[in-house]
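For reference, the structure discussed in these notes is given below.
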Amino acid sequence: MNRSTIFADVSLLLVAFVWGSTFVLVQSAIAFLEPFSFNGVRFFLAALLLGGWLVLFEKKQLVQMNKKLLASGVIMGLFLFVGYAFQTAGLLYTTSSKAGFITGLSVVMVPVFSFMLLKVKPGMNAITGVSVATAGLYLLTMTDKVSLNIGDALVFVCAVGFALHIIFTGKYSSKYPALLLTVIQIATVAILSMVFALFTENWQQAFQLEVLLKGNVLGALIVTSLFATAIAFFAQTTFQKYTTPTRVALIFAMEPVFAAATGFIWANERLSYSAVIGCLLIFAGMVFAEIPVKKNLFNFRKKAA
């Protein structure tokens, strides 16, 4: 494993840490500003920040704008929005624990989609790592209630959306400028979130200062728009080209582990023994996929897409 891959994996692990550690912030914020409205403002601010940086310091990237690049960014943004939108809708009908597990199934979907769409065959280490991490996700998030409902189906679509976002980020990130591609996908999520808020929520709240300036809302918007959106998705778009989609999915499976740790530290949430074992299994699955193997035994075989 070369230095670029190691640095990319560490950077993506930090992204998962940011996402997991901000979960408590978002939960408290959407009690005052509804989810689509919150995401609309969050992604708009992030697009504004990165767009401003692009115009001021990276104008040369704008010269490379063309229809294919625009379409690629929109596709990435569309799948990212599907992940957020269907997860939000699903949470209205199912529990957060079940939603967490089903969303985490994107770890299983990524190697399948990688093989189907990119002709990338995962090695034995990756398959084992995915299996161990999936078992960990189950222990971390699931309760004794396993009956399925419409909310679970909606969250399953969310998992498909996140998995495809990882796949297409890997496909396009090596072809186009990372900053410009990130601005387009984030702006796409912002626009779609605002449209959905317009038809499904009290969208006027997004323009009310007394709502936006509430401590919980303002703090969450600042932290998530800057760190969990602008920097995080720019980092993913920049570094995913140096690793594989399956490894990225395993790294991102650490998000609920970080969320659980944050909830334990800041919100005094108790972790059961099974949840602790689940966290350890997810970490073990990620580490196992990183272990080098002899090329004559297991190897990633990659064909041109």
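The values are calculated or read from the model by the stated rules, or taken from the named source; none is laboratory data. Note that the structure is predicted; figures quoted are calculated from it, not measured. Here Cβ is always computed from backbone atoms with ideal geometry, including for glycine, and neighbour counts include all displayed protein chains.
Okay, here's what the table says:
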read-out: Positions within region 224-237 being modelled with pLDDT of 95 or more and β-branched (V, I, T), in sequence order; value: T229, I231, T237
read-out: Residue match in region 97-112 (condition: over 20 Å from the mean Cα position of the chain (by Cα) and either under 23 Å from T244 (Cα atoms) or of a type outside the set (G, A, S) (or both)); value: no
read-out: One residue from F115, F36 being among the aromatic types (F, W, Y), at pLDDT below 95 and closer than 25 Å to N149 by Cβ; value: F36
read-out: Test: residue in region 247-260 that is surrounded by fewer than 21 Cβ atoms within 10 Å (Cβ to Cβ), modelled with pLDDT under 95, closer than 28 Å to F7 by Cβ and over 13 Å from the mean Cα position of the chain (by Cα); value: yes
read-out: Helices (runs of 4 or more DSSP H) wholly inside region 124-208 containing at least 3 residues that are surrounded by fewer than 20 Cβ atoms within 10 Å (Cβ to Cβ) and at pLDDT 95 or above; value: 178-200
read-out: Selection within region 235-282 - of a type in the set (D, E) and part of a helix (DSSP H, G or I); value: E255
